[in-house]
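Scroll down for the structure; my scribbles are underneath it.
The values are calculated or read from the model by the stated rules, or taken from the named source; none is laboratory data. Everything quoted here is computed from the prediction, not taken from an experiment. Every residue, glycine as well, gets a Cβ built from its backbone with ideal geometry; the counts of neighbours run over all protein chains shown. In case anyone asks, the SASA skips ligands and DNA or RNA and just uses the protein heavy atoms, side chains included. Shrake-Rupley method; radii C 1.70, N 1.55, O 1.52, S 1.80 Å.
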Amino acid sequence: MKVLDITESPGSPAKPSEDRVGSSGNLAWVVDGATDFTGERTLPGGSNVQWLVDVVDRSLRDLGALAEVTDVTEIFDRLGKTVRDELASVATDDLRNHPCCSVGLAAFDDDSVDLGRVGDALLVAFAGDRLTCEVSTDFFDRREAQAVRRSRTARQTRDQIVADMFARRLEYIKGVHEESVFSAHPAGIFHIHRQTVSSRQAETVLLCTDGFARAVTDYRIFADWQSLGLHARQKGLDSVTSLIRRHETHPADATGDRFKSADDVAAVLLGSGNRR
């Protein structure tokens, strides 16, 4: 599989993106950092979450370069150990909120592709224009929507909203629910959701963060993943990103169920030939 196209875009021009996208050897991935609204700066780098997504991105490049692992569960196991070890070497005792992220992976061999995610990355495969596999969740969207509505009804202060947010994230880190997030927390648990697809059923594969997935899930710019995938293959991922940003400039619904009106975007399109 080759990288046919790639797109990255920060949700705010005033802040660097907390999403990452890349490929190396037999692996491709997207990483979506969970924004730390407290601005904690106890780890090296621009912020704690920037430290995490950079380490995850670099570690996946190293794993992919080995080209020896095609099982996403083993990849997540190795990734978790590497990131925990790195955190232990730099963390201080006053780390209040462990940074976390979502990770979506594609691992290829000659006959198949193994798709896996921890968190809310979206992974889809196509045979021609037909959707053949979808690894996704609406769990985090539903939880955020409930929190947004509760904040409005209870007229919560910003501090109360942020405190609730980090309480939910700790639940996700510890694997309390059927979904989890990726972190280096010593009590962290990864709930890995995966599917393996034959190469014939995965002529093209799209991996993206939830900011990109909003084109379908929130904004209804595209009716479904098939129509988004067709547009991406014909006009490119940057075209989808442009449509997302245009919608966010003039939203049809200014009272949506999100805390952020615009999110970072990262996506990669993979296939066996040149983009049409």
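Checking residue 273 against (1) open to solvent by less than 50 Å² (accessible area, probe 1.4 Å); (2) at pLDDT below 95; (3) small (Gly, Ala, Ser); (4) closer than 30 Å to residue 43 by Cβ, which test does it fail? Of (1) open to solvent by less than 50 Å² (accessible area, probe 1.4 Å); (2) at pLDDT below 95; (3) small (Gly, Ala, Ser); (4) closer than 30 Å to residue 43 by Cβ, only one is false for residue 273: (4). Given 73, 92, 82, 137, which one is at pLDDT 95 or above and outside any helix (DSSP H, G or I)? It is 137.
Of everything in region 95-134 that is part of a loop (DSSP other than H, G, I, E, B) and under 30 Å from residue 68 (Cα atoms), the residue that is most open to solvent (accessible area, probe 1.4 Å) is 110. Of all the residues in region 173-203, those that are open to solvent by 20 Å² or more (accessible area, probe 1.4 Å) and either in contact (Cβ under 8 Å) with a residue 40 or more places away in the chain or farther than 17 Å from residue 78 by Cα (or both) number 18.
All conditions in (1) touching a residue at least 40 places away in the same chain (Cβ under 8 Å); (2) under 23 Å from residue 170 (Cβ atoms) hold for residue 111, with the sole exception of (2). Residues that are in a helix (DSSP H, G or I) and open to solvent by 20 Å² or more (accessible area, probe 1.4 Å) within region 58-70 comprise 58, 61, 62, 63, 65, 66, listed in sequence order.
Every listed requirement among (1) part of a loop (DSSP other than H, G, I, E, B); (2) in contact (Cβ under 8 Å) with a residue 40 or more places away in the chain; (3) out of contact with any strand residue (DSSP E or B) (no Cβ under 7 Å at 6 or more places or on another chain); (4) not aliphatic (A, V, I, L, M) is met by residue 51 save one, (1).
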